[in-house]
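Participant: Structure provided below as structure tokens; questions to follow.
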Amino acid sequence: MLQYTNFVIDLTEDKEVDVEFRYTVKWIETNIPLKKRMEKYTMPPHRLMIQWFTLINSCLTVLIQLGCFVMFYVRVLKKDINKYANDEELLDNQEETGWKNIHGDVFRYPKYKALFAAVVGSGTQLFILLVRNLLLTGCLFSGPLFLTFFFLNTVAVTYRATAALPLGTILVLFSIWVLVASPLHLLGGIAAKNSKSEFQAPCHTTKCPREIRPQRWYNGILPQMAVAAYCL
């Protein structure tokens, strides 16, 4: 217990001042043994004890809500599956949004599929196992590339430009294509031929392709090329 008396100290001068503090202590004897002195702070209060009834009630509420959600979700999925199982139901005029518009056309074979497969699969034959496009895939990019390179290099040699590559470098590049790219290309064709499997689409394809709306004029090739050239 602290006691304070109205005692004023002068601190105006810049020098050390000794201040004397006094206090009194009042001790109250208790009957609690020394070994049990901390039990007052370790025992939890009654409001923090687990209320099992409330916990079970909350769990049951969550389970009921989860069951209702699962039943509703299963009904929606079943309705969609039954709706898109028949082509007649797919060709109705009901307007839909999202993936439902194109789910029946995703796995349709495109036009000029051999050329498309060669363009997409150039350099990845060992992974997607191209079978009938071995020669086309091997020459589709390398052929025009070499022709363009030889033409530009010939022009550079004619004008004695520094951009012209020497004959040794050209032979090295050609050797890499013949000794590295071509064998890998042949190995990809052999692996594709020996690993042929029938394609099975995971989704039903409609009999009639869906009509694609004409694009806006600013999404055409020429406007996009003009915008790209302006940005560069």
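The values are calculated or read from the model by the stated rules, or taken from the named source; none is laboratory data. What you are looking at is a predicted structure, and each value in this text was computed from that prediction instead of being measured. Glycine gets a Cβ as well: all are built from the backbone with ideal geometry, and neighbour counts include every protein chain shown.
Participant: Please enumerate the residues belonging to segment 152-172 that are assigned to a helix (DSSP H, G or I) and among the small types (Gly, Ala, Ser).
Facilitator: Once the filter is applied, which keeps residues that are assigned to a helix (DSSP H, G or I) and among the small types (Gly, Ala, Ser), segment 152-172 yields ALA156, GLY168.
Participant: Can you tell me how many residues in segment 202-229 are surrounded by 10 or more Cβ atoms within 10 Å (Cβ to Cβ) and either under 30 Å from SER142 (Cα atoms) or among the aliphatic types (A, V, I, L, M) (or both)?
Facilitator: 6
Participant: Another question, if that's okay. Could you tell me whether LEU91 is outside the structural domain of HIS185 (by TED's automatic domain parsing) and at pLDDT 75 or above?
Facilitator: No; evaluated as a whole, the condition is false for this residue.
Participant: Check off (1) among the β-branched types (Val, Ile, Thr); (2) at pLDDT 85 or above; (3) exposed (fewer than 10 other Cβ atoms within 10 Å of the Cβ) for THR97 and give me the number that stays unchecked.
Facilitator: (2)
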